[in-house]
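Only one structure is covered here, and it is reproduced in the block below.
The values are calculated or read from the model by the stated rules, or taken from the named source; none is laboratory data. Everything numeric here is computed off the predicted structure, so don't read it as measured data. Don't worry about glycine lacking a Cβ; one is built from the backbone with ideal geometry, like all the others, and counts go over all protein chains shown. All accessible areas refer to the heavy atoms of the entire protein, side chains included, with ligands and DNA or RNA removed. Shrake-Rupley method; radii C 1.70, N 1.55, O 1.52, S 1.80 Å.
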Amino acid sequence: MNQALLLGRRALRETLRTPESLAPTLLIPLFFLIVNVGQAGKIFPASSTGFLKGQSYAAFQLPSSLLLAASFGTAALYLVEDIEGGYFDKLRAAPIGRTALVVGRLFAEAVKSVILTAVLILISLPFGIRVASGIFGFLLLLVLASAWAVTYAGFMQLIALKTRSAAATNSGSLLFFPLLFLTPNFVPRSLLTRPMEIAATFNPVTYIMEGLRSLILGADATVVARGFAVVLGLGAVMVILNVRAVRSYD
Amino acid sequence: MTLAIEAVGLVKTFPSKGGDVEAVRGVDLAVEQGEVFGFLGPNGAGKTTTVRMLTTLLSITSGVARVAGVDVASDPDAVRRKIGVALQEAGLDPRQTGRELVTLQAQLFGLAPAAARDRAQSLLELVDLVDAGDRRIKGYSGGMKRRLDLASALVHQPDVLFLDEPTTGLDPASRLTVWDEVRRINAEGTSVFLTTQYLEEADQLCDRLAIIDGGRIVLEGTPASLKASLRRRRGLDHDPTLDEVFLEATGRTRIRAAGDVEQVQA
Ligand SMILES: Nc1ncnc2c1ncn2[C@@H]1O[C@H](COP(=O)(O)OP(=O)(O)OP(=O)(O)O)[C@@H](O)[C@H]1O
Ligand SMILES: [Mg+2]
């Protein structure tokens, strides 16, 4: 555990020393929030759109942006650098628990994502967004979004460990397109076309998005719990696969 | 007394498309505690592969290896606690400072933060990197990186130190620094397993050495005994150099043609 924290601190230091890699994770989600709300906001007026529960369309869109911010998986690219530069071998030759070896970066990812999510929510408050579930709900938002960030980074790390290639790891990140867009990101699931609805139903991100949304628009405990269950389940699978990959790493 | 390194029938086969690559084909090693053992061989002979197996970085296809008395395959973590490793490609993190890297390494080996900082300071002094210690590693020269890598392999005063070509690419002064350091570490009781391309280095540093070629050990002994034996066989009236021993053992002889030195397969 202590070793994971030490490695996590190193990963955070690494992030702080490459602020240029942080800027897109903040700016791109904001860009999408502004563009999506700007283009579709008029179709869904707060007063007459039931699923908005009295809030603006921006409130409905915010979860997509939070998930986008949490789906960059930069941790894995640093891991590829460690692998290519040989530092990963130095760590592997040290008596570090194999779990700590992969969890360290995920721990840093969680911290980074909590901060990023908080900043994004604070920035979007002037758009007329309220977190209907209050301060506790706000904290749950941070946890849920960063749990997804950790899960996604875990998936990217898995590709990095298996391929040891920056190009392959970058390609793997393209999976975020179907994951983030085969979701009810513009309208609730019930309003999607049938094929999209089916796709969204099979997409785990749908449930995380609905959980986030429920926390913002008015909490439905079942929906929130489902979001947590999905992300924690997937996250656990990713950590297990990562540890297995590092154990059999040759 | 347990051996520092003991290997019996060590084999490594890499699966590859054009048929398996047999990088190491049955290496036996017996390195005594307190020895500096040299591992020599031409490019691609299997030196790095052997080191990586002994340091738990690579799985062992067959054979048995024990380092500091511990079986590498069955208890890798115990081995890791007893060894220091500086690999052929100095594995460093460009975004940390030298001091941060060594301190982190010390903490990962279980030192408390304050003790780790002290250890880092004394190791930086040792490898002459105190002034550069607070700069990012990105800006270090090749020689500085090698010295830092060596320092980070010493945080826990290992029983056995593995150095894969520790002086490749170093200028003569840095090379001497590393040699002094290896001697000093060895004098404190650490056994050293070192690969090198420099025969003079082996001659200067190593108590015993083995020459590996094509994945097999072809010659083993003290530098003096290897030279004496070649001298006897050739009936020379002077001791041959270790270069000549090496070239003979690896089946390569030198012929001088028009002032050039050529290597040909014997
Ligand atoms: N991961 C790998 N996959 C396939 N073949 C490999 C791998 N690593 C090493 N080899 C092969 O194994 C053989 C031994 O390589 P090794 O790196 O151990 O040689 P070396 O003695 O350290 O050489 P050098 O002096 O150039 O460092 C070479 O033929 C090499 O191509
Ligand atoms: Mg090598």
Worksheet, complete the sentence: When A:Ser65 is run through (1) within 13 Å of chain B (Cβ to nearest Cβ); (2) free of Cβ contacts under 8 Å to residues at least 60 places away in the same chain; (3) surrounded by 17 or more Cβ atoms within 10 Å (Cβ to Cβ), the failure sits at (1)
Discussion item. If B:Ala90 satisfies all but one of (1) surrounded by fewer than 22 Cβ atoms within 10 Å (Cβ to Cβ); (2) within 14 Å of chain A (Cβ to nearest Cβ); (3) without any contact (Cβ under 8 Å) to a residue 60 or more places away in the chain, what's the number of the condition it fails?
Written reply: (1)
Fill in: Among the residues listed as A:Leu232, A:Leu179, A:Leu175, A:Leu192, the single one being out of contact with any Leu (no Cβ under 7 Å at 6 or more places or on another chain), in contact (Cβ under 8 Å) with a residue 12 or more places away in the chain and surrounded by 17 or more Cβ atoms within 10 Å (Cβ to Cβ)
A:Leu179
Worksheet item: If a residue has to be buried (at least 19 other Cβ atoms within 10 Å of the Cβ) and under 25 Å from B:Leu104 (Cα atoms) to count, how many in segment B:38-75 make the cut?
Response: 11
Worksheet item: Which of the residues that make up segment B:1-21 are within 16 Å of ligand 2 (Cβ to nearest atom) and open to solvent by 60 Å² or more (accessible area, probe 1.4 Å)?
Response: B:Phe14, B:Val21
Worksheet item: Does B:Val79 satisfy being in contact with a strand residue (DSSP E or B) (Cβ under 8 Å, 6 or more places away or on another chain), part of a helix (DSSP H, G or I) and within 16 Å of ligand 2 (Cβ to nearest atom)?
Response: no
Discussion item. Among the residues in segment A:237-244, are any assigned to a helix (DSSP H, G or I), without any contact (Cβ under 8 Å) to a residue 24 or more places away in the chain and either open to solvent by less than 60 Å² (accessible area, probe 1.4 Å) or under 26 Å from A:Leu62 (Cα atoms) (or both)?
Written reply: no
Worksheet entry | Subset of segment B:201-221 [farther than 13 Å from B:Ala30 by Cα, β-branched (Val, Ile, Thr) and open to solvent by less than 50 Å² (accessible area, probe 1.4 Å)] | B:Ile211, B:Ile212
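To keep it simple, each residue is scored yes or no on (1) away from chain B (no Cβ under 14 Å); (2) touching a residue at least 24 places away in the same chain (Cβ under 8 Å).
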site: A:Arg17; (1), (2): no, no
site: A:Pro24; (1), (2): yes, yes
site: A:Val37; (1), (2): yes, yes
site: A:Lys53; (1), (2): yes, yes
site: A:Phe72; (1), (2): yes, yes
site: A:Phe88; (1), (2): no, no
site: A:Leu101; (1), (2): no, yes
site: A:Ser113; (1), (2): yes, yes
site: A:Ile121; (1), (2): yes, yes
Discussion item. For a quick check of your reading of the model, give me the residue pairs whose first member lies in segment B:25-50 and is within 14 Å of chain A (Cβ to nearest Cβ), whose second is within 14 Å of ligand 1 (Cβ to nearest atom) and open to solvent by less than 20 Å² (accessible area, probe 1.4 Å), with beta-carbon atoms closer than 7 Å and at least 6 apart or on different chains.
Written reply: B:Thr48/B:Asp164; B:Thr49/B:Lys12; B:Thr49/B:Ala23; B:Thr49/B:Val24; B:Thr49/B:Leu58
Worksheet entry | Residues located in segment B:1-30, provided they are away from ligand 1 (no atom under 16 Å from the Cβ) and in contact with an Asp or Glu (Cβ under 7 Å, 6 or more places away or on another chain) | B:Leu3, B:Ala4, B:Val8, B:Gly9, B:Ala30
Worksheet item: For residues in segment B:107-150 being closer than 20 Å to B:Pro172 by Cβ, within 14 Å of chain A (Cβ to nearest Cβ) and among the hydrophobic types (A, V, I, L, M, F, W, C), which is nearest to the chain's Cα centre (by Cα)?
Response: B:Leu150
Practice prompt. Could you list, in sequence order, all residues of segment B:22-37 that are in contact with a Gly (Cβ under 9 Å, 6 or more places away or on another chain), small (Gly, Ala, Ser) and either surrounded by fewer than 21 Cβ atoms within 10 Å (Cβ to Cβ) or on the phi > 0 side of the Ramachandran plot (or both)?
Written response: B:Gly26, B:Gly34
